[in-house]
Structures are given as C-alpha cells and as structure tokens.
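The structure under discussion is supplied below as structure tokens; questions concerning it will follow.
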Amino acid sequence: MEQSGLREKEKARLRRELIETALRLFERQGFEQTTVQQIADAVQVSRRTFHRHFPSKMAVVFAHEEDLMTQLLSALERRPVTESALTAMRSAIQELLLDESEAALRRHQADTARRARHLLVTNPELRQENFTGAMSRKHALAQFLAERSGLPDSDLRPQLVAATCFAAFGVGLDNWMLGTDHSIAALYEILDGIVAALQQGIDVPAADAGSHETFGSPAWS
C-alpha cells in the first residue's frame with residue numbers, strides 16, 4: 001500500500017513537471033514551434049513517458065482544466081443536497097480556492113491556469129480544441145447537477161446552469177488574467193461575485209434606467 005502511494009505521488013509530481021516545463025517552452029518559443037521531444041528532453045524523460053501522461057502537447061495546455069473539473073465535482077459532492085446548484089457552487093469554489101491545507105498547491109494551480117489561459121486566448125488552434133473539451137466538461141457538470149437534484153434528462157435547467165457557469169468562469173478568468181492582482185484571493189472574489197450575480201438573476205439595464213451598480217460593488221456580494 002505504501003509503495004503504491006509513493007508511485008502515485010511520483011506520477012503526480014512528474015505530471016506537474018511536464019506541465020510546468022511545457023508551459024515555459026510554449027511561452028518562450030511558441031506553441032507551434034515546441035515539440036513533444038523538446039518537452040521530454042527538458043524533463044529528462046522519453047517521449048514514451050510523456051505519452052503515458054498526455055496524448056499530445058495540446059493536451060498539456062488543458063490538463064489543469066481537467067484536474068480542476070475533477071476537484072470541483074468532488075467539492076460539489078461534499079455539499080448538502082438541500083443546497084441549490086449555485087449555492088453549492090459558491091461553497092465549492094470557496095473550498096477549492098481557499099483551502100489553507102493545500103495553499104501551496106492551489107497557488108501553483110492558479111498560476112498554471114493563468115498561463116494556460118493566456119496561451120489559449122492567443123492561439124486559434126487551441127481555442128478550437130478547447131471548445132470540444134469544454135463541451136465535454138459542461139456535459140459532465142450538467143449530468144452531475146441533474147443527478148444531484150433528481151431531475152430527469154428532459155429538464156433543461158441543469159444544462160442551462162452548467163453552460164452559464166462555464167461562460168461565467170471564462171469571463172471571470174479572463175478578467176483575472178488581464179488584471180494586475182493574480183492572487184487566489186482575487187480570483188475567488190471574482191468567481192464568487194460572478195456566481196452570486198447569476199443567483200440574483202443578471203440583465204443589462206436600459207440606458208435610461210438611472211444610476212447603475214457596477215460589477216464588484218456591494219450590490220453583487
């Protein structure tokens with residue numbers, strides 16, 4: 001059992017090193033110009049070892065999203081089923097980002113997410129691939145929410161909530177990435193505020209509606 005645990009830790013460590021090295025090379029010399037062999041050489045492993053972890057160099061860019069999706073679903077599973085989907089989502093995000101017991105890992109994940117997001121928005125090929133992956137992750141979240149609530153497949157609300165959350169997360173991540181504060185606390189405030197806005201029901205007011213509250217003001221909290 002102990003040996004198995006050590007092997008899993010080493011596997012996770014190597015996977016993180018491959019992701020970190022690949023991102024560094026992508027940033028330095030460009031995604032298209034970087035080869036799998038260069039990534040493997042930089043980590044001092046074989047191409048075969050690389051492919052045990054990732055089917056392609058493109059998969060490295062999205063690896064953090066798959067990891068975070070798994071962690072988010074796990075955090076949602078720990079929420080009481082008496083909570084609505086978005087209430088549970090806010091609590092799950094809080095647990096995922098602000099868990100002090102794994103603060104160092106969370107900081108590393110947040111930095112990886114920021115760097116990968118930057119690559120994504122500046123590369124059309126990656127954006128197209130992300131569309132396919134995002135569809136799969138949205139479906140997984142919608143299915144989870146439906147099962148959690150005991151709703152039939154014909155009920156569109158879980159699909160709507162999942163799609164809305166993914167769109168909101170994209171807006172939030174872009175805002176965080178382009179801002180000056182890249183701390184986890186800042187990311188949490190943005191994402192929590194976005195989901196809170198969804199809870200309240202969000203619309204764009206008419207031009208003559210008087211004074212408007214801006215996002216991030218107390219009205220959204």
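Since every read-out is calculated from the coordinates, none of them should be taken as a lab result. The structure presented is a predicted model; accordingly, all values stated were derived computationally and were not measured. Please note: Cβ atoms are built from the backbone with ideal geometry, for glycine as well, and neighbour counts cover all protein chains shown.
Quickly estimate the mean residue ellipticity at 222 nm for the chain, helices only: each DSSP H run with n ≥ 4 gives -39500 (n - 2.57), and the total goes over all residues, rounded to 500. Walk me through the intermediate numbers first.
Working: 9 runs with 162 residues, N = 221.
Using -39500 (n - 2.57) per qualifying helix, the result is -25000 deg cm²/dmol.
As an exercise, use a Förster radius of 30 Å and the Cβ-Cβ distance of Arg24 and Thr132 to find the FRET efficiency, rounded to the nearest 0.05. Don't skip to the end; give the middle numbers.
Details: r = 25 Å, r/R0 = 0.85.
The value I calculate is 0.75.
Starting from 0.36 nm per residue, how many nanometres of slack lie between His51 and Ala140 once their C-alpha separation is accounted for? Working shown, then result.
Values: separation 89, 0.36 × 89 = 32.04 nm, distance 2.48 nm.
Roughly 29.6 nm would be gained on extension.
Moving on to the next point. Could you work out, for the chain, what percent of all Cα-Cα pairs fall into each 5 Å distance bin, beginning at 0 Å and stopping at the bin that holds the largest distance?
Histogramming the chain at 5 Å steps yields 1, 6, 12, 16, 17, 16, 13, 9, 5, 3, 1, 1, 0, 0 percent.
Would you calculate the separation in nanometres between label points at Glu95 and Leu160, each defined as 7 Å from the Cα along the Cα-to-beta-carbon direction?
Reported label-point gap for Glu95 and Leu160 is 2.7 nm.
Give, rounded to the nearest 20 debye, the magnitude of the charge dipole that the chain has about its Cα centre when Lys and Arg contribute +1 at Cβ and Asp and Glu contribute -1 at Cβ. Mind showing how you got there, number by number?
Values: 25 positive and 30 negative charges, 180 e Å.
I would put it at about 860 debye.
For the pair Thr180 and Val121, how long in nm is the line joining their label points, each one 7 Å along Cα→Cβ?
In this crude label model, Thr180 to Val121 measures out at 1.7 nm.
Which FRET efficiency, nearest 0.05, do Thr35 and Ala207 yield, Cβ-Cβ r, R0 45 Å? Intermediate results must be reported in sequence, preceding the final value.
On the way: r = 52 Å, r/R0 = 1.17.
That gives a FRET efficiency of 0.30.
Next question, about the same structure. Just going by the charge dipole of the chain, with Lys and Arg at +1 and Asp and Glu at -1 on Cβ, which of Pro80, Ala167, Thr70 is farthest out on the positive end?
Toward the positive end, the furthest listed residue is Thr70.
Going toward the positive end of the dipole of the chain, with +1 on Lys and Arg Cβ and -1 on Asp and Glu Cβ, which of Gln128, Ser183, Ala146 do you reach last?
Positive-end residue among those listed: Gln128.
What number results when the radius of gyration of the range 48-168, computed over Cα atoms, is divided by 2.2 N^0.38 Å?
Numbers: Rg = 15.6 Å, N = 121, 2.2 N^0.38 = 13.6 Å.
This ratio for the range 48-168 stands at 1.15.
Now a separate question. When each pair of different Cα atoms in the range 142-182 is counted once in the 1/r mean, what is the Kirkwood radius in angstroms, to one decimal?
On the way: mean 1/r = 0.0867 Å⁻¹.
Result for the range 142-182 stands at 11.5 Å.
In whole angstrom, how far apart do the alpha carbon centroids of the range 38-100 and the range 177-210 sit?
The range 38-100 and the range 177-210 have Cα centres separated by 23 Å.
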